[in-house]
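Peer 1: Before we start, here is the structure in question, set down as structure tokens.
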Amino acid sequence: MATIRDIAREAGVSPSTVSRVLSGDSSLSVQEETRRKIISTAEQLQYKSVQRRQTTKAAQLKDYKIGLVTFCSEQLESEDPYYLSIRLHIEKEFNQQGLHITRTIRWVNHESYESLSGLDGLIVIGKFEFDPYNLFFSRIQNVVFVDYSPDENRFDSVIVDFEKVTTTALDHLIGLGYTKIGLISSRDFINRFGSNTGFESVDQRQSGFESYMKQKKLYMPEHVHIGHNFSMSTGYQLMKQAIEKKNLPQAFLMGSDPMAIAASRALKEAGLRVPQDIAIVGIDDIEMASYSNPPLTTVKIYTEQMGQTAVRMLLERIGGREVPLKVVLPARLIVRSSCGANKSQFSETVG
């Protein structure tokens, strides 16, 4: 592709003169013969300005059909804003790029592989297994997974290291003097696309909690309560169960902010105070976290950047990048009142 320097060399003028002529700079004083020669040379070399190249690229991208797969129903998104936020920021980034999502596929409807027909690119939110030999899926060369990395040698992915997030939260609680720490969280569920089946697996928050607390010789399995999702209702019910056992720890790490907020309500209903009786730390930093009573200490997950990064990675793959990339975004400890700490003393980024 011809550059301004190529035109300048052929026309026997400086690159700055070429640039000003081609941009239509009326303040430039140059002989008409030189101006014509520059324009003629640019045409012969089939020069395209950056703006024209970008316009052409955008026009080509608009012809691509992009699919978005999410395992969440609209109801689940309302209960756990984590995946909702990722989806909304993916859609926002596409809009800012002047593009749009051709098809949104919710796994709750148990869509068949035929729903992927004709797609040029795919962003997958959540934990899915795809049949690599399925004709409809195998034809899609550009696939980005968000919040899951099933095969880093084949697919782009954007993830968070939840084991590191967990140890950061635990370090904070242990640093405050808590030794009896419980966990209320959820199992993972890996969805098999194209069917209504899947299988459970141990979530990184649970595995990270167990290994780290065992390492510190502080692990107490009776204080670990694991549900089937990260919703408010699950957090509430699991905390109620913990209270009924009448053997509560000094603090709880919660698998998500919605779980933490609902668990705090269960504690309040039982006449227990946060953080005076039980300290609470969540994971997410949803908007409601700073407005809960008391305000929730949490580890911030950058869902906006997860969505933005996924879109940009997909466009890079469509643009020709062949090597798959795996991006692990950092997280950040946000200290508020629910853990019983002086928030001005603490601030930490999880790399």
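Read-outs throughout are calculated quantities, based only on the coordinates presented, and are distinct from any laboratory measurement. Keep in mind it's a predicted model, so treat the numbers as computed, not measured. With ideal geometry, Cβ positions are generated from the backbone for all residues, glycine too; neighbour counts draw on all protein chains shown.
Peer 1: What is the angle, in °, between the Cα long axis of helix 204-215 and the longest principal axis of the Cα atoms in the chain? Nearest 10 is fine, range 0 to 90.
Peer 2: Between helix and principal axis, roughly 60 degrees.
Peer 1: Quote the charge dipole size of the chain about the Cα centre in Debye, to the nearest 20; the model charges only the Cβ of Lys and Arg (+1) and of Asp and Glu (-1).
Peer 2: The dipole magnitude comes to about 620 debye.
Peer 1: Given points 7 Å out from each Cα along the Cα-Cβ axis, report the SER138 to SER211 separation in nanometres with one decimal.
Peer 2: 3.4 nm
Peer 1: Here are a few candidate values for Cα extents along the principal axes in Å: (1) 63, 43, 35; (2) 62, 45, 45; (3) 92, 50, 33. Which one was actually calculated from the structure I just gave you?
Peer 2: (3)
Peer 1: According to a simple spin-label model (label point 7 Å from Cα along Cα-to-Cβ), what is the distance in nm between LEU325 and GLU114?
Peer 2: For the pair GLU114/LEU325, the computed spacing is 3.7 nm.
Peer 1: Separation between the ARG103 and LYS246 pseudo-spin-labels, each 7 Å from Cα along Cα→Cβ, expressed in nm?
Peer 2: The two pseudo-label positions are separated by 5.8 nm.
Peer 1: Here is a follow-up. Rg over Rh of the stretch 199-351, using C-alpha atoms and the Kirkwood radius, what does it come to?
Peer 2: Rounded to two decimals, Rg over Rh is 1.04.
Peer 1: To continue, here is another question. Multiply the residue gap between GLU222 and GLN44 by 0.36 nm, knock off their C-alpha separation, and tell me the result in nm, one decimal place.
Peer 2: The span from GLU222 to GLN44 would gain 56.3 nm if fully extended.
Peer 1: So for the stretch 4-46, averaging the separation of alpha carbon pairs under 8 Å that are six or more residues apart and normalising by length, what relative contact order in percent results?
Peer 2: For the stretch 4-46, the relative contact order is 43 percent.
Peer 1: Once fully extended, how much extra length lies between GLU304 and LEU88, figured as 0.36 nm per residue of separation less the alpha-carbon to alpha-carbon distance?
Peer 2: 76.9 nm
Peer 1: Is the shape of the stretch 226-314 best called rounded, prolate or oblate, per the rule: a/c under 1.5 gives rounded, else a/b larger than b/c gives prolate, else oblate, with a ≥ b ≥ c the square roots of the Cα gyration tensor eigenvalues?
Peer 2: Prolate, since a/c reaches 1.5 and a/b exceeds b/c.
Peer 1: Moving on. Let a ≥ b ≥ c be the square roots of the eigenvalues of the Cα gyration tensor of the stretch 177-257; is it rounded (a/c under 1.5), or, if not, prolate (a/b larger than b/c) or oblate?
Peer 2: It comes out oblate by the Cα gyration axes.
Peer 1: I need the phi-derived Karplus couplings for the stretch 235-250: 6.51 cos²θ - 1.76 cosθ + 1.60, θ = phi - 60°, integer Hz, Gly and Pro marked x.
Peer 2: x, 5, 5, 5, 5, 4, 5, 5, 5, 5, 6, 6, 8, 7, x, 7
Peer 1: Now, a different point. Might you report the magnitude of the Cβ-based charge dipole of the stretch 4-46 about its Cα centre, with Lys and Arg at +1 and Asp and Glu at -1, to the nearest 20 debye?
Peer 2: Dipole of the stretch 4-46, to the nearest 20 debye: 80 debye.
Peer 1: Taking the Cα centre of each part, how many Å lie between the stretch 200-263 and the stretch 66-104?
Peer 2: The stretch 200-263 and the stretch 66-104 have Cα centres separated by 28 Å.
Peer 1: Is the shape of the stretch 137-218 best called rounded, prolate or oblate, per the rule: a/c under 1.5 gives rounded, else a/b larger than b/c gives prolate, else oblate, with a ≥ b ≥ c the square roots of the Cα gyration tensor eigenvalues?
Peer 2: Verdict is prolate for the stretch 137-218.
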